1. When 43, 25 are ordered from fewest to most other Cβ atoms inside 10 Å of their Cβ, what list results?
2. Kirkwood Rh over alpha-carbon pairs of the range 2-71, then Stokes-Einstein at 10 °C and 1.306 mPa s: what D in µm² s⁻¹, rounded to an integer?
3. Note the full-extension length gain between residue 2 and residue 21 as 0.36 nm times their separation in residues minus their Cα-Cα distance, in nm to one decimal.
4. 7 Å from Cα along Cα→Cβ at both residue 66 and residue 46: what's the point-to-point distance in nm?
5. Using the 10 angstrom Cβ neighbour count as an exposure proxy, how do 79, 70, 18 rank, fewest first?
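Just so it is clear, none of the values below were taken in a lab; they were calculated from the coordinates. Bear in mind that the values here come from a model prediction, so they are computed numbers and not experimental data. Virtual Cβ from ideal backbone geometry, glycine too; neighbours counted across all protein chains shown.
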């Protein structure tokens, strides 16, 4: 499950229409740190909830949240005032 989530997080970066460098700058995190935290094969790095929120806000992509809800048996529905 953890590997699947990290893969979704990584896909959010690479399929956002922004470079990972732009995202790192946009969320004020060093590029190397961001890449390490989103690498599903780096067992020593962790992606924090606040960083994930910043990534989703910057990219306007809630797929990681949708995947987490799905894995927990829930569906994610957009609010009428959402940015989606």
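1. 43, 25
2. Answer from the Stokes-Einstein relation: 134 µm²/s.
3. 4.4 nm
4. 2.8 nm
5. Ascending number of Cβ neighbours within 10 Å: 79, 70, 18.
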